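Values in this text are rule-based calculations from the coordinates and carry no lab data. A quick note: this is a predicted structure, and the numbers were derived from the prediction, not measured. In this analysis, Cβ positions are derived from the backbone assuming ideal geometry, glycine residues included, and neighbour counts consider all displayed protein chains.
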Amino acid sequence: MSEKSLKIEEAYGELNLEMMKEFTDANGISGNEKAATRVMKKWLSDVSDEVTYDNLGSLIVTKKGSGLGPKLMVAGHVDEIGFVVRSIDDKGFIKLAPVGGWWGHVLLSQALTITTREGKEIMGIVGSKPPHGMPADVRSKVIDVKDMFLDIGVKDKNEVELLGIRPGDMVTPRSDFNVMANPNYLAAKAWDDRIGAIIAAEVLLRLKDVKHEADIVAVGTVQEEVGLRGAKTATYAVKPDIGIALDVTLANDIPGAEPGSKMGVGVTLAIQDSSHLGHRGFLNYLSDLSKELNLDVQYDLLLAGGTDSGEMHKAFDGIINVTLSIPSRYIHSHRALIHRKDVVDTITLITEFAKRLNWDVLESIRQSNR
């Protein structure tokens, strides 16, 4: 066996792991994204010409062009799935209401963090009735979230209340950012869709000191997981001429999965999802540009689930818009995986598009669908 075959693959491209950790460590379920948008605002403070919010809380950061070009909106949603405190029983066990889609299989014995109104963070463990003694048909079923509870290790309801925990408090997965054995694989909570917001931020950072005609607007949208709500209000606030939504998609490169998108390929262009059909002219332009930049491309069709594109493309008289996807394993759980190559290549593609975008490019893309 050669020495080369024994060597673990080296990390692909340059990424700011400190920024990625801060983005994913932030706790921010739909409707409570302030911690995440503050992280994004902090990292973009040196490259922003204008920072605003819409009334739902989506962060809108603009790097202005020459004043002679169109406006490009690059959006990733910052909300993660989680829970809110639903009720507290007399023994101090906490019932949860899900915010976003949860599968019961991924929850039992996992740690969650309650964030109180005052900002105190309290750890708890997800529990349920023990399986011992259950009938076989009951034991083999997935337990509903409504039948689970959070155990924070207290004696009774009074101790829960003394900690400042109230119904409605945010509850998030408790998980660390990790570089895996092969450094191209990165694990964290909330890749869905902090990685989209990270890519949008990186595009602005890589355009620092670069002259371009278009205004480039990086947006951290809110409330995507509960109905693409922030994308709608943010698009009306930005008024873009063309837009890119960034989100994860299902990585099908695992045992037993149907053929589909794979991690580590490079650029993933979304043909469609349940909320959106990608603009054909824009997809073709980005496909050709990827080839010019020697970036590998795959195409994704997500038959269930939507992205911010679902609302972005319907604003005003229609926004020319596509989704770029990052294949991810184990989304909507405590720990998901992504691959560096997919992130780096996507940043490279959008950054180059932003440099080239002018009214002629926009018109050529628009005319291709007419």
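Compute log10 of I(q)/I(0) for the chain with the Debye formula, placing one identical point scatterer on every Cα and leaving out solvent, at q = 0.10, 0.14 Å⁻¹, to two decimals.
-0.64, -1.15
Under unit Cβ charges (Lys, Arg +1; Asp, Glu -1), what dipole magnitude, rounded to 20 debye, does the stretch 82-173 have relative to its Cα centre?
My answer is approximately 140 debye.
Taking each pair of different alpha-carbon atoms in the stretch 214-370 once, compute 1/r for the pair, average those values, and report the inverse of that mean as the Kirkwood hydrodynamic radius in Å to one decimal.
16.0
In percent, how large is the relative contact order of the stretch 58-184, given Cα pairs closer than 8 Å and 6 or more residues apart?
33
What angle, in degrees between 0 and 90 and rounded to the nearest 10, separates the Cα long axis of helix 229-238 from the longest principal axis of the Cα atoms of the chain?
30
Give me the distance between the Cα centres of the stretch 132-173 and the stretch 63-83, rounded to whole Å.
Rounded to whole Å, the Cα centres lie 38 Å apart.
In terms of Cα to Cα distance under 26 Å, which lysines are near enough to Lys120, apart from those fewer than 8 places away along the same chain?
Lys21, Lys34, Lys41, Lys42, Lys91, Lys95, Lys146, Lys155, Lys157, Lys189
Just to confirm the number: angle between the C-alpha axis of helix 280-292 and the first principal axis of the chain, 0 to 90 degrees, nearest 10?
80
Under 8 Å for C-alpha pairs, at least 6 residues apart: give me the relative contact order for the stretch 249-313, rounded to a whole percent.
Relative contact order, the stretch 249-313: 39 percent.
Give me Leu56, Leu295 ranked fewest to most by other Cβ atoms within 10 Å of their Cβ, as a rough exposure proxy.
By the 10 Å Cβ count, ascending: Leu56, Leu295.
If you average the C-alpha positions of the stretch 209-282 and of the stretch 12-38 separately, how far apart do those two centres end up, in angstrom?
17
Using just the C-alpha positions of the stretch 113-246 as equal point scatterers, what log10 of I(q)/I(0) does the Debye formula give at each q in 0.12, 0.21, 0.22, 0.23 1/Å?
After summing over all Cα pairs, the log10 values are -0.81, -1.26, -1.29, -1.32.
Pick out, from Ala304, Met19, Ser325, the residue whose Cα sits farthest towards the positive end of the charge dipole of the chain, with +1 on the Cβ of Lys and Arg and -1 on the Cβ of Asp and Glu.
Ala304
Evaluate the relative contact order of the stretch 20-70 (contact order divided by residue number), counting alpha-carbon pairs under 8 angstrom at least 6 apart; express in whole percent.
With pairs under 8 Å counted, the relative contact order is 25 percent.
Checking a compactness column here: for the stretch 182-302, what do you get for Rg(Cα) / (2.2 N^0.38 Å), N being the number of residues?
1.15
What are the trypsin sites (Lys or Arg not before Pro) within the stretch 150-246 that DSSP puts in a loop, where the Cβ has at most 14 other Cβ atoms within 10 Å?
Values: sites: Lys155, Lys157, Arg174, Lys189, Arg194, Arg206, Lys208, Lys211, Arg229, Lys232; in loops: Lys155, Arg174, Lys189, Lys208, Lys211.
Taking the stretch 150-246 and a limit of 14 other Cβ atoms within 10 Å, the loop trypsin sites (Lys or Arg not before Pro) found are Lys155, Lys208, Lys211.
Test of the criteria: in the stretch 63-137, which chymotrypsin sites (Phe, Trp or Tyr not before Pro) are in a DSSP loop and have at most 10 other Cβ atoms within 10 angstrom of their Cβ?
Those satisfying the criteria are Trp103.
By how many degrees, 0 to 90 and rounded to 10, does the Cα axis of helix 191-206 deviate from the longest principal axis of the chain?
Tilt relative to the chain: about 30 degrees.
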